[in-house]
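Here is the structure we will look at, set down as structure tokens.
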Amino acid sequence: MTFDELLITYGPALKRVAASYAPPGAEREDLEQEIVLALHTAWPGFRGDASARTFAYRIAHNCGITLMKNRRGAPRTQPLDPSHAVTRRTPERIAQRRQEYERLARAVRRLPLSQRQPMSLRLEGLSYAEIGEVLGLTTSNVGARLHRATAELRRLMEGGT
């Protein structure tokens, strides 16, 4: 796989990872650029020990962590970009799905990092083993973190604080 093929294949998913760390706007755009730059820098050293998918996700999450460490001020609670949300064609359904998505996105952003990372990867369809590979965790640790994240998301979605 070439670097261009990597970006074509995983670009939309990497943008969603960036969205789990930064709200819409300049900060997210900067993070997306940082992810592409980090991937471009690391790609020549990719040996195929992991899948290209998990390699790309690991780099994207590492860039997100760096952003969080460098961020100043209060955490942002703006909604993620809902452009990739699955919608039906009726205006009512589109509005309803967008509201549901924004609610979930806000809740995911409120999770502690140790839960947010595996949850965002699980929402992208990665298996427990792939999540473990990306985050450097055992499969059982991934399961435990996802269990806690699911419980916390339920609480947040039900209106808990």
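V86 meets each of the listed conditions (1) under 15 Å from the mean Cα position of the chain (by Cα); (2) at pLDDT below 85 apart from (1).
Being surrounded by 21 or more Cβ atoms within 10 Å (Cβ to Cβ), more than 21 Å from M68 (Cβ to Cβ) and of a type in the set (D, E, K, R): is that true of E158 here? Criteria not met by E158. Of all residues assigned to region 96-106, none qualifies as being assigned to a helix (DSSP H, G or I), aliphatic (A, V, I, L, M) and exposed (fewer than 13 other Cβ atoms within 10 Å of the Cβ). Looking across region 1-14, the residues that are surrounded by fewer than 18 Cβ atoms within 10 Å (Cβ to Cβ), free of Cβ contacts under 8 Å to residues at least 60 places away in the same chain, in a helix (DSSP H, G or I) and not β-branched (V, I, T) come down to F3, D4, E5, L7, G11.
Could you say which residue among Y128, Y101 is in contact with a Pro (Cβ under 7 Å, 6 or more places away or on another chain) and not aliphatic (A, V, I, L, M)? Sole residue among the options that is in contact with a Pro (Cβ under 7 Å, 6 or more places away or on another chain) and not aliphatic (A, V, I, L, M): Y101. Would you tally the residues in region 38-61 being assigned to a helix (DSSP H, G or I) and either touching a residue at least 60 places away in the same chain (Cβ under 8 Å) or of a type in the set (V, I, T) (or both)? Selection size over region 38-61: 7. Residues that are among the acidic types (D, E), under 22 Å from A56 (Cβ atoms), within 15 Å of the chain's Cα centre (by Cα) and not in a loop (DSSP other than H, G, I, E, B): does region 115-131 have at least one? The answer is yes; a qualifying residue exists.
The values are calculated or read from the model by the stated rules, or taken from the named source; none is laboratory data. All of these numbers come straight from a predicted model, not from anything done at the bench. As a convention, Cβ positions derive from the backbone with ideal geometry for all residues, glycine included, and neighbour counts pool all protein chains shown.
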